[in-house]
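Trainee: Take a look at the following structure, please.
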Amino acid sequence: MLRFLLRRFGGALVVLALVAVLVFALTRLASGDPVALLLGDQATAADIAQARARYGLDQPLATQFVLWLGELAHGNLGQSLFLQQPVAQALADRAEPTLFLALFAVAIAAAIGVPAGMAAAIWRGSIADQAVSTVAMLGASVPSFWLGLILIQVFAVHLGWFPASGYGDPGTGLAGRLLHLALPAAVLGVLNSALIIRFTRAAMLDILGEDYVRTARAKGLAERTVMLKHVLRNALVPIVTVIGLTVALMIGGTVVTETVFNLPGVGNLVVRAVLRRDYPVIQGTLLVIAAIYVLINLLIDLLYTVVDPRIRLEGK
C-alpha cells in the first residue's frame, strides 16, 4: 500500500513540475505588457522601465522562472501586480464561492447522472435509453454561457425565483449564498451530468453481461438486489473516477459561469488577471488548480483501493 501511494505521489510531483513550466512559458508568450497596463497611457518609458525593474520583469526569463520556483518552494505564490496583495490571499478571499459552486454542481450532476445512466443501462435499447442518450448528447453540446443566460431569463427575470447574479451581501447566511448559487450550479450540474450518464451507462452494461449477474438472477434474487449489490457495486470504480474528475472540472471550469453570473470567485479572478496580464495571479491560480486536479486524482486512487481491494493487491 505504501509503495502504491509513493508511486502515485511521485507521478503527481512530476505533473506539477511540468505544469509550472508550461504556465510560466504561456503567460510570458501572451501579448501585452502588464506594467504598461498598470501605469496607463500617461506613463513614460522611464516610468515603465522603473516599474519593470521593481517587479523583476526586466530579468531574463530563466532568472524569473528560477526566482518564481524559489518563492514556490517557500510556499509563496507571488504578489499580484494590480491587487497589491499576495496571490494566496487573493485566492483565499475568492475560494468560498467557487468551492460551494463546485460542490453544489457536482451534487446536482451526480443526482442526475448516476440514476439516469443506470436507467439507460437497465432498459438498454428502449425509448428511455434513447431519451437519456439524447439528453446526454445535448448536455455535452450546449454552451454553458447560453444555458446560463436562458436560466437567468426564465427563473430570475420572468419568474423571480432566484437572484440573477452576485453572491449576496457580506452578511448573507448560508441559505442565501446557496440561493445565489442555485442557477450557476444548475448550469454546471446539468451540463456535466452528461459525462456521468455516459460513464455510468457503459460501466453498468459491462457488468450486466458478467456470469455472476446471470447466476444471481438464476438464484431468484430480486432485481433491485441484483442491480444494487452485484451490478452497481462492481461498476463503482469508473463511476467514482468520473465523479472525481467532474469535481476537478467544476473547479477549473467555473470561469465562464462565474463571469455570466458575476460571482466573486476564482474563475472571475482568472478572467480579470488575464485581461490585465497579471502574471503572478495567472501563474499562481493555474498552479493551484492543477494541484487540486492532482490531489483529486490521488484521492480517487485511494478510493479505488476501498471500492475494489484487488487494485490494492495488484499494486504490491
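The values are calculated or read from the model by the stated rules, or taken from the named source; none is laboratory data. Since the model is a prediction, treat every value here as computed from it, not as a measurement. Backbone-built Cβ (ideal geometry, glycine too); neighbour counts: all protein chains shown. The protein model used for the area step is the full one, side chains on, heavy atoms only, and it has no ligands, DNA or RNA in it. Shrake-Rupley method; radii C 1.70, N 1.55, O 1.52, S 1.80 Å.
Trainee: For region 107-223, which helices (runs of 4 or more DSSP H) that fit wholly inside it have 1 or more residues that are surrounded by fewer than 15 Cβ atoms within 10 Å (Cβ to Cβ) and basic (K, R)?
Mentor: 211-218
Trainee: Of a type outside the set (G, A, S), out of contact with any Ser or Thr (no Cβ under 8 Å at 6 or more places or on another chain) and at pLDDT 80 or above: which single residue out of L39, L72 fits that description?
Mentor: L72
Trainee: How many of the residues in region 62-84 are free of Cβ contacts under 8 Å to residues at least 60 places away in the same chain and assigned to a loop (DSSP other than H, G, I, E, B)?
Mentor: Residues in region 62-84 being free of Cβ contacts under 8 Å to residues at least 60 places away in the same chain and assigned to a loop (DSSP other than H, G, I, E, B): 4 in total.
Trainee: Related question: Out of T246, T241, report the one residue that is under 21 Å from the mean Cα position of the chain (by Cα), modelled with pLDDT of 80 or more and among the hydroxyl-bearing types (S, T, Y).
Mentor: Selected residue: T246, the only one of T246, T241 that is under 21 Å from the mean Cα position of the chain (by Cα), modelled with pLDDT of 80 or more and among the hydroxyl-bearing types (S, T, Y).
Trainee: Are there any pairs, at least 6 apart or on different chains, whose C-beta atoms fall under 8 Å, with the first in region 204-233 and free of Cβ contacts under 8 Å to residues at least 24 places away in the same chain and the second part of a helix (DSSP H, G or I) and of a type in the set (D, E), and if so, which?
Mentor: Hits for this filter: R217/E223.
Trainee: If you scan region 256-288, which residues turn out to be assigned to a helix (DSSP H, G or I) and open to solvent by 30 Å² or more (accessible area, probe 1.4 Å)?
Mentor: Matches in region 256-288: V256, T259, V260, V271, R272, V274, L275, R276, L286, V288.
Trainee: Within region 67-86, can you find the residues that are under 17 Å from L38 (Cβ atoms) and touching a helix residue (DSSP H, G or I) at 6+ places or on another chain (Cβ under 8 Å)?
Mentor: G78, Q79, S80, L81, F82, L83
Trainee: Shifting gears a bit: Would you mind telling me which numbered condition in (1) out of contact with any helix residue (DSSP H, G or I) (no Cβ under 9 Å at 6 or more places or on another chain); (2) open to solvent by 70 Å² or more (accessible area, probe 1.4 Å); (3) free of Cβ contacts under 8 Å to residues at least 60 places away in the same chain; (4) assigned to a helix (DSSP H, G or I) G10 fails?
Mentor: The number of the failed condition is (2).
Trainee: Regarding G32, is this residue over 18 Å from L81 (Cβ atoms) and either out of contact with any strand residue (DSSP E or B) (no Cβ under 6 Å at 6 or more places or on another chain) or part of a helix (DSSP H, G or I) (or both)?
Mentor: no
Trainee: Something else: If we scan region 75-88, do we find a residue that is over 16 Å from T285 (Cα atoms), at pLDDT 75 or above and open to solvent by 50 Å² or more (accessible area, probe 1.4 Å)?
Mentor: So the first thing to find is which residues in region 75-88 are over 16 Å from T285 (Cα atoms), and the list is none.
No; the residues of region 75-88 include none that is over 16 Å from T285 (Cα atoms), at pLDDT 75 or above and open to solvent by 50 Å² or more (accessible area, probe 1.4 Å).
Trainee: Now for a separate question. Answer yes or no as to whether R3 is at pLDDT below 85 and open to solvent by 80 Å² or more (accessible area, probe 1.4 Å).
Mentor: yes
Trainee: Oh, and also: Listed residues P184, P163; which is touching a residue at least 40 places away in the same chain (Cβ under 8 Å) and either at negative phi or touching a Cys at 6+ places or on another chain (Cβ under 6 Å) (or both)? Even if it seems obvious, please write down each step before you answer.
Mentor: Working: P163 fails: touching a residue at least 40 places away in the same chain (Cβ under 8 Å).
Matching residue, one of P184, P163: P184.
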